[in-house]
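Chemist: Let me give you the structure first, and then I'll get to my questions.
The values are calculated or read from the model by the stated rules, or taken from the named source; none is laboratory data. Just so it is clear, the model here is predicted, and its values are computed rather than measured. Glycine gets a Cβ as well: all are built from the backbone with ideal geometry, and neighbour counts include every protein chain shown. For the accessible areas, the whole protein counts, side chains as well, though only heavy atoms, and no ligand, DNA or RNA atoms are used. Shrake-Rupley method; radii C 1.70, N 1.55, O 1.52, S 1.80 Å.
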Amino acid sequence: MAGASARPQRRRLPKLGDGAVSLILSICVIAGLAVFFLVPVFAILWRSFDVGGGAGLGNYVATLGDPRIWELVRNSLGMAGLSAIGAVTLSYFYAYALQRTNVVLKSVLRMVVMAPLFAPSLIQAQGLIFLLGRNGVFNRFLGFELDIYGFWGVTIANTLYTFPYAFLILSAALAVADARLYEGAIVMGAKPWKIFRTVTLPSTRYGIAAAVFVAFSLSITDFGNAIVIGGDFSVLATEIYNKVIGQAQFHLGAVIGVVLLVPAALSKLIVGYISKRQHSQVTDKSVALDVRPNLRRDLAYGIYATLIAILFLSIPLIVFFASLVKLWPYNMTLTLEHYAFDVQNGTEPLWNSIGVALATATLGVVAVFSASIVTMKFRTPLSGPISFLSTLPASIPGMVLGLGYVLAFNSLANPLNFLYGTFPLIVLLYIYYNHAQGFLITTTSLKQVSATFDEASTMLGAGALRTLFKVTLPLLWPTLLGVGVFFFMRAMVSLSAVIFLITPQTQVAAVSVLQLADRGATNQAAAFSVCIMAIVMAMLLIVRGILWLAGARGVTLIR
């Protein structure tokens with residue numbers, strides 16, 4: 001007994017209180033946002049003013065004094081504006097068909113137009129070249145003489161690319177309506193067209209405006225379609241690529257990046273303002289609209305929706321077919337040889353992409369969940385700045401942020417320089433590039449969790465961390481799984497954000513598609529695109545199966 005009592009007792013570490021845990025977590029979250037978002041943004045801003053011997057406006061004077069830059073600005077604004085108008089117009093009536101009519105197979109029609117989300121943006125340009133290019137189906141086999149390269153090719157490709165983003169916004173805007181407005185219009189003798197003009201369009205005006213600015217922002221910052229199908233037509237995004245990759249003129253690339261940042265940031269700010277106004281359209285006194293059968297209307301919209309669905313199906317199908325022929329369009333013998341990937345690096349970029357996407361999904365969920373928790377639950381003096389910084393990445397184009405990563409982490413003065421040229425830096429770029437959307441999804445779900453659960457847990461003596469793991473996470477895990485799928489999908493298909501960070505040792509599949517298409521290996525590029533789409537869809541099916549088995553069937557995976 002004496003020996004036992006003399007045995008030295010193990011020292012216990014002091015138990016951290018809820019306040020200390022909240023503060024530590026807040027510091028970690030804001031440090032991550034500062035280092036991997038603010039520092040790269042400041043790096044590109046600083047480089048744009050760096051004139052060698054100090055700071056100045058020399059780079060801006062040289063760049064903005066070049067008439068070519070203003071030509072690129074006009075090209076970018078014209079292309080992006082027309083693409084946005086086209087995408088919103090087409091998607092509005094498509095969303096109307098699915099939300100306000102009784103067309104059949106709505107779930108199939110909805111899924112078909114989501115195809116552009118499953119592959120790099122440039123797949124639209126690939127498909128258009130196979131269909132309408134010089135050696136495409138219409139010109140080569142049907143005798144047409146179409147010229148798809150240049151302004152119209154880029155515009156059409158970006159219209160198709162941005163269509164699903166506009167559709168998701170407009171579908172949400174059209175999903176809810178106050179039946180009293182429509183009943184009043186009918187009682188007053190208004191015809192269907194007048195009801196559409198005076199009731200439906202005004203009630204969805206905020207959704208239309210938000211969709212226009214989202215489509216515009218995506219079009220003006222995308223360079224994949226422009227570089228594949230643009231020909232001699234150049235835009236600001238391709239000019240950044242040429243200045244940095246082709247000429248290593250980082251200072252001029254930084255200036256053009258800042259120029260590109262202005263319209264993209266403005267459109268994001270306007271979207272945020274519009275989104276806040278949209279919530280007031282339906283009140284607690286509203287009556288849900290009941291869509292009544294109308295044979296002529298349903299038939300007309302059914303035909304329209306079918307034609308749009310065929311258009312969107314034709315792009316991945318022609319790319320898939322091109323991946324199966326020996327040499328498009330000269331030898332149309334079916335073969336699987338392009339899936340052997342006997343090109344440089346073989347299948348390595350695909351496996352790299354899967355690994356990067358899985359890491360992005362895992363760490364991305366941790367990052368946005370931590371930011372949401374310290375914003376919504378573990379309140380500290382840092383909660384306000386964290387909330388602001390967490391949504392700020394939505395205003396930064398991927399190509400601009402990617403260039404910022406090069407300028408920030410390729411500097412020997414940066415203690416994190418060892419990350420440059422590695423997969424972890426690519427993962428971090430994907431996380432913070434997509435941070436805003438993941439954060440907004442998570443915080444929205446957290447708001448839906450009643451505070452009663454937290455209060456009950458606290459009354460039973462549980463601390464903040466125990467409540468988090470025992471109460472909040474079990475309620476929120478389906479949403480977090482959906483956020484993980486979002487990060488996975490974006491990491492598989494994003495091109496512009498990562499283009500400047502790729503090295504021969506860190507090649508990813510989306511960049512391989514661009515490089516193969518750029519050197520004329522169209523069949524291999526098509527095969528890579530098909531594999532990317534197959535991997536993304538397989539992940540969606542796996543996660544949907546998990547949620548179905550767990551009984552969580554209301555989680556949206558495509559955002």
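Chemist: Run lengths n ≥ 4 of DSSP H only: what is the helix-derived mean residue ellipticity at 222 nm for the chain, with -39500 (n - 2.57) per run over all residues, to the nearest 500?
Modeler: That calculation yields -21000 deg cm²/dmol at 222 nm.
Chemist: Let me ask something else. Across the chain, how many lysine pairs separated by 8 or more positions, or lying on different chains, have Cα atoms within less than 19 Å?
Modeler: Step by step, the pairs that qualify in the chain add up to 6.
Chemist: Oh, and also: Once you charge only the Cβ atoms, +1 for Lys and Arg and -1 for Asp and Glu, what is the size of the charge dipole of the chain about its Cα centre, to the nearest 20 debye?
Modeler: Here the size comes out at about 1700 debye.
Chemist: Mean Kyte-Doolittle of at least -1.0 and a Cα length of 20 Å or more along the axis: which whole DSSP H helices of the chain meet both?
Modeler: Once both thresholds are applied, what remains is 18-33, 67-100, 151-175, 205-221, 250-278, 295-322, 348-376, 473-493, 522-549.
Chemist: How big is D for region 59-199, in µm² s⁻¹ as a whole number, if Stokes-Einstein is applied with the Kirkwood radius of its Cα pairs at 4 °C and 1.567 mPa s?
Modeler: 71
Chemist: If you take the Cα Rg of the chain and divide it by 2.2 N^0.38 Å, with N the number of residues, what do you get?
Modeler: 1.06
Chemist: For region 367-435, what Kirkwood radius comes out of the mean inverse Cα-Cα distance, in Å?
Modeler: 13.4
Chemist: Here's another thing I want to ask about it. When the accessible area of the chain is computed with all protein chains present and a 1.4 Å probe, what percentage of it is carbon and sulfur?
Modeler: The value for the chain is 66 percent carbon and sulfur by accessible area.
Chemist: Going toward the positive end of the dipole of the chain, with +1 on Lys and Arg Cβ and -1 on Asp and Glu Cβ, which of GLY56, TYR273, ILE535 do you reach last?
Modeler: Value computed over the given set: TYR273.
Chemist: Farthest toward the dipole's positive end in the chain, which of TYR165, LEU501, TRP548, given Cβ charges of +1 (Lys, Arg) and -1 (Asp, Glu) about the Cα centre?
Modeler: Highest projection toward the positive end goes to TRP548.
Chemist: Using +1 at the Cβ of each Lys and Arg and -1 at the Cβ of each Asp and Glu in the chain, identify which of PHE118, GLY364, ALA237 lies farthest towards the dipole's positive end.
Modeler: The Cα lying farthest towards the positive end belongs to GLY364.
Chemist: What number in nm² do you get for region 281-378 if you take the convex hull of its Cα atoms and divide its surface by four?
Modeler: It is 14.1 nm².
Chemist: Thinking of region 475-515 as a set of Cα atoms, what percent of all their pairs are more than 15 Å apart?
Modeler: So the portion of pairs separated by more than 15 Å is 49 percent.
Chemist: At q = 0.16, 0.18 Å⁻¹, what base-10 log of I(q)/I(0) does the Debye formula yield for region 324-403 when every alpha carbon is treated as an equal point scatterer in vacuo?
Modeler: Reported log10 I(q)/I(0), two decimals: -0.82, -0.91.
Chemist: Solvent-accessible area per residue for the chain at a 1.4 Å probe radius, Å²?
Modeler: 47
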